[in-house]
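Notes follow the structure.
The values are calculated or read from the model by the stated rules, or taken from the named source; none is laboratory data. Not measured: the values here are computed from a predicted model. Cβ coordinates were reconstructed from backbone atoms using ideal geometry, including for glycine residues, and neighbour counts include every protein chain displayed. To get the accessible areas, we keep the full protein, side chains included, count just its heavy atoms, and leave off ligands, DNA and RNA. Shrake-Rupley method; radii C 1.70, N 1.55, O 1.52, S 1.80 Å.
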Amino acid sequence: MEDEVDRLVAAWRRERPDLDVEPLEVLSRVSRLARHLDRARRLAFSEHQLEPWEFDVLTALRRAGTPYQLSPGQLLTQTLVTSGTMTNRIDRLAKKGLVERLPDPSDRRGVLVRLTETGRDRADQALAGLLEQERAILGELSRAQRAELAGLLRQLTAPFDNIPG
C-alpha cells in the first residue's frame, strides 16, 4: 500500500539523489498523523463545547485526583504555557463555571484551581469522545502492533520529555 509520503520520498530521491531522505519516511508520517489527530481531537472536543486548551487544563485537574485541584504553577508545568497565558485560561474557565479559584491553605498569597462538578463531567465526556476518535485512527493496527508502535514512539519522545527546564 502506497501513501503520500512514499510519493514525496520518491520525488526527493529523484530530485536530490545526493541526500539521504530516509528520515522523511518516518517523520513525515508522524507529522501527517499529528494533523489527522489534531482534527480528531478538535472534533471530539467541539462535541462537548471545549477548545483543545480547555481540555488540557481540565484533564490536568481531573488526573490530579480528588479533590481535583492544582496550583497555577503545577498547571503551568503540565500544560507548557506561560504564567500570563495560564492566568487568562483559568479566568476563562472560571467564567464558564468549569473551574473555581480557592485560597491555598498552605500559602496565604496563593490560590488553588479546582475542577467544578460541571468541569469534571465535561472533561470525562470529552475524554470518552477523544478515545473513540483515537481508536478509529488506530483501527488498522493489531493490539501487538499498537504496543510496538507505542514503544518505538516512546524511544523518540522520552529524551524531549526529560530535558530539564
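Annotations for the structure displayed:
- Of residues in segment 1-16 being open to solvent by 100 Å² or more (accessible area, probe 1.4 Å) and not basic (Lys, Arg), the one farthest from Arg29 (Cα to Cα): Glu15
- Count - residues of segment 100-118 that are assigned to a strand (DSSP E or B) and open to solvent by 50 Å² or more (accessible area, probe 1.4 Å): 8
- Extreme residue, nearest to Gly65 (Cα to Cα), among residues of segment 119-133 that are of a type outside the set (Asp, Glu) and surrounded by fewer than 13 Cβ atoms within 10 Å (Cβ to Cβ): Ala128
- Count of segment 91-123 residues which are closer than 21 Å to Ala44 by Cβ and touching a Lys or Arg at 6+ places or on another chain (Cβ under 7 Å): 5
- Which listed residue, of Arg13, Arg29, is free of Cβ contacts under 8 Å to residues at least 24 places away in the same chain, at negative phi and either touching a strand residue (DSSP E or B) at 6+ places or on another chain (Cβ under 7 Å) or of a type outside the set (S, T, N, Q) (or both): Arg13
- Test result for Ala34, part of a helix (DSSP H, G or I) and open to solvent by 40 Å² or more (accessible area, probe 1.4 Å): yes
- Looking at Arg92, Arg62, just one residue is surrounded by 12 or more Cβ atoms within 10 Å (Cβ to Cβ), in a helix (DSSP H, G or I), of a type in the set (D, E, K, R) and within 17 Å of the chain's Cα centre (by Cα), and that residue is Arg62.
- Here Ala136 clears all of (1) loosely packed, with under 12 Cβ neighbours inside 10 Å; (2) without any contact (Cβ under 8 Å) to a residue 12 or more places away in the chain except the condition numbered (2).
- Residue list for segment 49-59, restricted to those being outside any helix (DSSP H, G or I) and surrounded by fewer than 24 Cβ atoms within 10 Å (Cβ to Cβ): Gln49, Glu51
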